[in-house]
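Structure record follows, encoded as structure tokens.
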Amino acid sequence: MSLFFNYFFYRHFLWRFSVLSILALLISACQSLPPVTKTDTPITNQPKVALVLGGGGAKGFAHIGVIKALEENGITPTLVVGTSVGSLVGSLYASGYNAKQLEQLALNTSDSELTDFTLSSQGFIEGIKLKNFINKKVGGRPIEDFPISFAAVAAEKHTLKKAIFTSGDAGLAVQASCSVPNIFIAPRIPEKVGKKYIDGGVVSLVPVDSARDLGADIIIAVDVAATNVNTSASNKIPTINSLTSFWGFLESTVVANLANTSNGSQASTNRSTAMRRERDRADVVIIPNVGHISSLDTSQRRALMTAGSQATTPQIAAIKQLIKEQSLKNKALKDKTLIDKTLTDNAQSKYATL
């Protein structure tokens, strides 16, 4: 009995000693670890920056240069709004293409990939190739699935009421925004049953107001058609090359607007003035020097992109300053909102205890 008792006591003692040893080791290990500090989830105060890309046919290659300069300086918009060729470039950029990829597309895409001639009283380019090209390049994704918010601006054909497409078929929205009247057949949205839409440049060449309506805090607007006003009349007359060029067709809306304005039509003059005022409501206006470029071969496409970069670089400091100032304003507003909420909650709590 004594032997059994001693054996049991010995086993129990070893077990307790082992448990105490393990606990001591764990406590020691915990004390040697660095203290865990509570981290608050950072509140983002970044403003909503919109990049607005205007219409202008072949001059729209300059948009890529603008995007390149912004990208090189760490400026990424949260919203892209485009009219006509601006919607074409903008849709690809908003879908995830970087400046280098856009540049390669610009240099390697032939007119035949975008132009489908047809015989119709409504126009002689169907626009289906353009729609399919965009949808293929964006992987068939609808606009609302793009990593950057995107909007294409068009006009309802019969009322000339502005339309802003922020969801749905990306290719169809770009097709509508690029459908120059009497050249492209106006597509219906929804297809087959909806209203017909035409080039957004008819009502909003540089759609700054649309960007503001979509909640933009800061708007960077790119006007590639402005310098056309200072070009000679000979540059406004379509050439044989432009008559067979997809990009030349897109420029027709700009040329027509300028021609009507120069002819002294009061309505056209008023429309042109209204569009210029809309553009000037942007926080930053970038006007690439592209008025002298008329040829559409590959070397000129490079020159257009270079012009876009050169016009953007001097504006970078101002853009960064605007973003910084707006970020501080957003932070102050959030802080005030938080304080107001705390005071309201405290007041309600005290009232409830009475």
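Figures for the structure shown
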| read-out | value |
| --- | --- |
| Residues being in contact with a helix residue (DSSP H, G or I) (Cβ under 9 Å, 6 or more places away or on another chain) and open to solvent by 30 Å² or more (accessible area, probe 1.4 Å) - total across the range 154-164 | 3 |
| Matching option when the condition is basic (Lys, Arg) and in a loop (DSSP other than H, G, I, E, B), among 196, 192 | 192 |
| Failed criterion for residue 64 (all others in (1) at pLDDT 95 or above; (2) hydrophobic (A, V, I, L, M, F, W, C); (3) over 17 Å from residue 302 (Cα atoms) hold) | (3) |
| Wholly enclosed helices (runs of 4 or more DSSP H) of the range 210-328 bearing at least 3 residues open to solvent by less than 70 Å² (accessible area, probe 1.4 Å) and at pLDDT 95 or above | 298-312 |
| Single condition residue 84 does not satisfy, out of (1) touching a Cys at 6+ places or on another chain (Cβ under 6 Å); (2) modelled with pLDDT under 95 | (2) |
| Pairs with Cβ under 6 Å, 6+ apart, first in the range 328-348 and closer than 15 Å to residue 47 by Cα and in contact (Cβ under 8 Å) with a residue 24 or more places away in the chain, second open to solvent by less than 100 Å² (accessible area, probe 1.4 Å) and of a type in the set (S, T, N, Q) | 330/45; 331/45 |
| Counted residues, the range 112-123 - those being in contact with a helix residue (DSSP H, G or I) (Cβ under 9 Å, 6 or more places away or on another chain) and surrounded by 14 or more Cβ atoms within 10 Å (Cβ to Cβ) | 4 |
| The lone exception for residue 348 - which of (1) surrounded by fewer than 17 Cβ atoms within 10 Å (Cβ to Cβ); (2) modelled with pLDDT of 95 or more it fails | (2) |
| Residues of the range 172-183 satisfying the condition of being buried (at least 24 other Cβ atoms within 10 Å of the Cβ) and either among the polar types (S, T, N, Q) or not in a loop (DSSP other than H, G, I, E, B) (or both) | 172, 173, 174, 175, 176, 177, 179 |
| Which numbered condition residue 23 fails, given (1) open to solvent by 100 Å² or more (accessible area, probe 1.4 Å); (2) at pLDDT below 50 | (1) |
| Selection count where residues are touching a helix residue (DSSP H, G or I) at 6+ places or on another chain (Cβ under 9 Å) and more than 12 Å from residue 67 (Cα to Cα), scope the range 93-107 | 4 |
| Of all residues making up the range 60-78, the number that are more than 27 Å from residue 140 (Cβ to Cβ), open to solvent by 10 Å² or more (accessible area, probe 1.4 Å) and assigned to a helix (DSSP H, G or I) | 1 |
| Residues (among the β-branched types (Val, Ile, Thr), part of a helix (DSSP H, G or I) and in contact (Cβ under 8 Å) with a residue 60 or more places away in the chain) located in the range 79-120 | 85 |
| Hits in the range 39-54 - residues which are at pLDDT below 95 and crowded, with 24+ Cβ neighbours inside 10 Å | none |
| Pair list, Cβ < 7 Å and 6+ apart or interchain, from the range 137-153 residues that are open to solvent by less than 60 Å² (accessible area, probe 1.4 Å) to residues that are among the hydroxyl-bearing types (Ser, Thr, Tyr) and assigned to a strand (DSSP E or B) | 153/83 |
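The values are calculated or read from the model by the stated rules, or taken from the named source; none is laboratory data. This is a predicted model, so every value here is computed, not measured. As a convention, Cβ positions derive from the backbone with ideal geometry for all residues, glycine included, and neighbour counts pool all protein chains shown. With ligands, DNA and RNA removed, areas are computed over all heavy atoms of the protein, side chains included. Shrake-Rupley method; radii C 1.70, N 1.55, O 1.52, S 1.80 Å.
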